[in-house]
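K.L.:
Can you read through this structure? Questions will come right after.
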Amino acid sequence: MQNEASSQTSWLRSYYFGRGFFSVAWIALAVVLAGQPVPASLLLVIYPAWDAVANLFDARSNGGLKANSSQALNVAVSSITTVAVVLAMIRDMHAVLAVFGVWAILSGLLQLYTGVRRWRAYGAQWVMILSGAQSTLAGGFMITRSLGTAAPSILDIVPYAGFGAFYFLLSAIWLSVAIRRQASARG
């Protein structure tokens, strides 16, 4: 049982590093390509699609979708959001920002639930819980901003992705420390 928990902790560490590095790369591309409508639009579609794929892999690595209902729901929400972003682009960037806001709220609540559920088994989930709560608040901010008159852009989503990168990388580092402490205690 100890090896299984250690293996899952190592998986989460790698998963969190992967999510964090993806977000950092996405932010860099968003900043560089912000003034180019087609590449920026593609990035807006990629972001929730990546979240769906990442949640699917994480759920499968942790007992499957049936055992991880919050992640299964997050896969569905992120997949629907990907389609909704494409449809919102037909209208305008205000609609895209509103879609991202709703998604941030829903995925934040699901991440919060997943973090609470994992706390007992793996520890170091306080960062993911905080991230889920912050995502929910950021979603409300994005919806409010989408109702304004100023024209939003992909740069309005960059801070949300930035906080996500920070939280994922902090979780990965926190788990790395926990893994080292466990290894030191054993040997």
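The values are calculated or read from the model by the stated rules, or taken from the named source; none is laboratory data. For clarity, every value in this text was computed on a predicted model and none was experimentally measured. Cβ placement follows ideal geometry from the backbone for every residue including glycine, while neighbour counts extend to all protein chains displayed. Quick note on the areas: whole protein, heavy atoms, side chains included, nothing else; ligands and nucleic acids left out. Shrake-Rupley method; radii C 1.70, N 1.55, O 1.52, S 1.80 Å.
K.L.:
Could you go through the range 105-115 and let me know if any residue there is modelled with pLDDT of 90 or more, of a type outside the set (Asp, Glu) and more than 18 Å from residue 59 (Cβ to Cβ).
P.N.:
Yes, the range 105-115 has at least one match.
K.L.:
From 147, 137, grab the single residue that is surrounded by fewer than 16 Cβ atoms within 10 Å (Cβ to Cβ), within 16 Å of the chain's Cα centre (by Cα) and at pLDDT 95 or above.
P.N.:
Numbers: 147 fails: within 16 Å of the chain's Cα centre (by Cα).
Just a single option satisfies the conditions, and that option is 137.
K.L.:
Quick check on residue 109: is it open to solvent by 60 Å² or more (accessible area, probe 1.4 Å) and under 12 Å from the mean Cα position of the chain (by Cα)?
P.N.:
On the way: open to solvent by 60 Å² or more (accessible area, probe 1.4 Å): yes; under 12 Å from the mean Cα position of the chain (by Cα): yes.
So residue 109 passes the test.
K.L.:
Being closer than 22 Å to residue 13 by Cα and open to solvent by 20 Å² or more (accessible area, probe 1.4 Å) is the filter here; which residues of the range 49-68 pass it? Quick ask: steps written out before the conclusion?
P.N.:
So in the range 49-68, the residues closer than 22 Å to residue 13 by Cα come out as 49-65, 67-68.
49, 50, 53, 56, 57, 60, 61, 62, 63, 65, 67, listed by residue number.
K.L.:
Then there is this: State whether one or more residues within the range 25-37 are farther than 17 Å from residue 158 by Cα and out of contact with any Gly (no Cβ under 6 Å at 6 or more places or on another chain).
P.N.:
We begin by selecting, within the range 25-37, every residue farther than 17 Å from residue 158 by Cα; these are none.
Scanning the range 25-37 turns up no residue that is farther than 17 Å from residue 158 by Cα and out of contact with any Gly (no Cβ under 6 Å at 6 or more places or on another chain).
K.L.:
Return a yes/no flag: does the range 39-48 have any residue that is open to solvent by less than 60 Å² (accessible area, probe 1.4 Å) and not in a helix (DSSP H, G or I).
P.N.:
no
K.L.:
Another one. So which residues in the range 154-173 are over 13 Å from the mean Cα position of the chain (by Cα) and surrounded by fewer than 17 Cβ atoms within 10 Å (Cβ to Cβ), if there are any at all?
P.N.:
155, 173
K.L.:
Residues 177, 158: which one is of a type in the set (Val, Ile, Thr) and under 22 Å from residue 49 (Cβ atoms)? Lay out the reasoning, then the answer.
P.N.:
Working: 177 fails: under 22 Å from residue 49 (Cβ atoms).
Of the residues listed, the single one that is of a type in the set (Val, Ile, Thr) and under 22 Å from residue 49 (Cβ atoms) is 158.
K.L.:
Would you pick out the residues in the range 69-87 that are among the β-branched types (Val, Ile, Thr) and open to solvent by 50 Å² or more (accessible area, probe 1.4 Å)? Reasoning before the result, please.
P.N.:
Narrowing the range 69-87 to residues among the β-branched types (Val, Ile, Thr): 75, 77, 80-83, 85-86.
Within the range 69-87, 80, 83, 86 qualify.
K.L.:
Return yes or no: is residue 97 open to solvent by 50 Å² or more (accessible area, probe 1.4 Å) and over 11 Å from the mean Cα position of the chain (by Cα)? It would help to see each step written out before you state the result.
P.N.:
Numbers: open to solvent by 50 Å² or more (accessible area, probe 1.4 Å): no; over 11 Å from the mean Cα position of the chain (by Cα): yes.
No; evaluated as a whole, the condition is false for this residue.
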